[in-house]
Structures are given as structure tokens and as C-alpha cells.
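Each value in this text was obtained by applying a stated rule to the coordinates, not by laboratory testing. Note that the coordinates shown come from a computational prediction; the quantities given were computed from them, not determined experimentally. Cβ sites come from the backbone with ideal geometry, for glycine too, and all protein chains shown count toward neighbours.
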Amino acid sequence: MQSRPLGGALRKIKLSVFGLTTVAALLNFVTFDPSGSSAQDAGCFMVTSSGKYLDLTGLCKKNPPVKRIVKPKPVAVIAKANPSRQFSSNFPVSSNNLIAFLQVIRYAEGTASSDGYRIQYTGAKFSSYGDHPRRVICGGIRGRQVCSSAAGAYQFLETTWDDVAGAIGANDFSPDSQDRGAIELIRRAKALEDVEAGRIEEAIAKVAPVWASFPRYRGDYNGYYRQSVVSMEELLNEFSSKLSSLGGNSTQLVSNPNSRYIRMERGG
């Protein structure tokens, strides 16, 4: 007869005793429910392999299930535009150079008249400064029909104005808002410092993609959009004239011989 280790037998006895103790403890909270009705009503039960129901209500009361706390998702807060906020280009037009340059833009765009702030593409006029007129008008340019929503002293397209108005905090299309909007476009073209420093030829070239009536360099008569432009010489003369009328000195008009815009004309 083969002998078995005594230690293994003792471990089995200990496990059996532990199992009986555990079952006895559970039976204090578990009752058999043949029909399963009370167990299901209690909402805390299990079904054995033989199909019998065990009512676990007592056990659930002793160890209630941990409720998962679902944190509410944070609500995104959309910042609203504040018209009173001071923006980078929201400043008074105090520089004579800048005032003269704005007048040159109006001269080139055909809006230099007293009612220029109300002029739309083709010369039509709108009545209210409450907002951009948001009206598309069609007209002929060099034998082809062109439709545009350009309006105001600086001929803002509707989409351009919406972008600029948000940047400067404008809530109307008044002359003051239009001036500040034009300054914002000059700043975006990186031409504002050139205007202030009197490098007007460079400034004109930089804003040529913004205002179609501006040339890119001396001798350019088609501009950025392949349409008629005012010559560089004429615009420089107009700037000098406007600056003189403002009490400025025409010597503020600076020529930079190393400008890449001048080299374009020379084929460099």
C-alpha cells in the first residue's frame, strides 16, 4: 500500500473546513426560491445549473453594488466677439503718411468722392452703414463680365469684410470702420511699417494682391489680377500731393534702391 503525504491531507481538510464555513456564512444571506418570483422581484438573484433560483437579496443588502459616477462632459464655451476690445489695428488714423496712403487707395479704386464710402462695384450706391450691403453686382471689365460684392471706400468683398470686421471688432460698415478695416488689410500685407516709414513704393507693391487697381512694380499695367491698374508713378505722385495737403513733407516719400519690387522691373 502506497502512503500519502500527511501535509497534503491536512491542506485538504483545512480547505474543506474553509469552504463549509464560507457556504454557511453565505446561507445566512441566500434563500432558495423554487418559483423564482420573489428573487426576480427583488432584482438580486442567480440561477443554478439545475434551473433553481437563489434569492440573493440579503447578500446584496450587505454588499450593495458600487454605483458608477458618470461625470458630465464639459460644455464648450464659445467666446463671443467683444466690440469694445482693443485690437491691433483699432487705433486712430493719426499718421499723415497713413492718411495719405488711405486716400491713394480710394483714388485708385475710384471712391475718392465725398460719397465714396457708399459706392459699390460698378458705381452703384447703398444707403445704410449698418452692415456691408451684401449684394453681388455684375459689370464688364475688358470685354468680360465680372460679378462682385465689392463695396465701400476700399471695395471690401463681403467675405473679406466679415473676416476683417471680426478682427477689428467692427459692428457696422461706417466710414470709421471701413478705414480701420483698410488699415488691418495693410497690416496683414506687412506694408504698414513701410507706409509709416515712407517706403510707399514697397507698400503699394505689397498690397497689390489686396487692391486690384494697384501695380506690382513700375511698368506693371496688368496688376495681380490681370486687369487695368493705375501706374506706380501716378500713385506716388498722388501720395505726395495728398501728403502735402495734410501739411506733411514730401521728403517723407522714401525710395529704396535695393527693394526687390524695384528689381522686378529691372528683370533682377
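Worth a mention:
- When peptides 176-187, 111-122 are ranked by their average number of other Cβ atoms within 10 Å per residue, the highest-first order is 176-187, 111-122.
- Under Karplus coefficients 6.51, -1.76 and 1.60, residue-wise ³J(HN,Hα) of region 155-169 in Hz, glycine/proline x: 6, 6, 5, 4, 5, 5, 5, 4, 5, 5, 4, x, 6, 9, x
- Taken over region 96-266, the ratio of Cα radius of gyration to 2.2 N^0.38 Å equals 1.01.
- Inter-label distance, E233 to T159: 3.7 nm, where each label sits 7 Å from its Cα along the C-beta direction.
- Net charge contributed by nearby residues that have their C-beta within less than 11 Å of T160 (K/R +1, D/E -1): -3
- Counted charge near V230, where neighbours are those whose Cβ lies closer than 10 Å (Asp, Glu -1; Lys, Arg +1): -4
- Nonlocal amide H pairs with I141, under 5 Å, H built at 1.01 Å: V146
- For F156, the residues whose amide H sits under 5 Å from its own are A151, ignoring neighbours fewer than 5 places away on the same chain, with H placed 1.01 Å from N.
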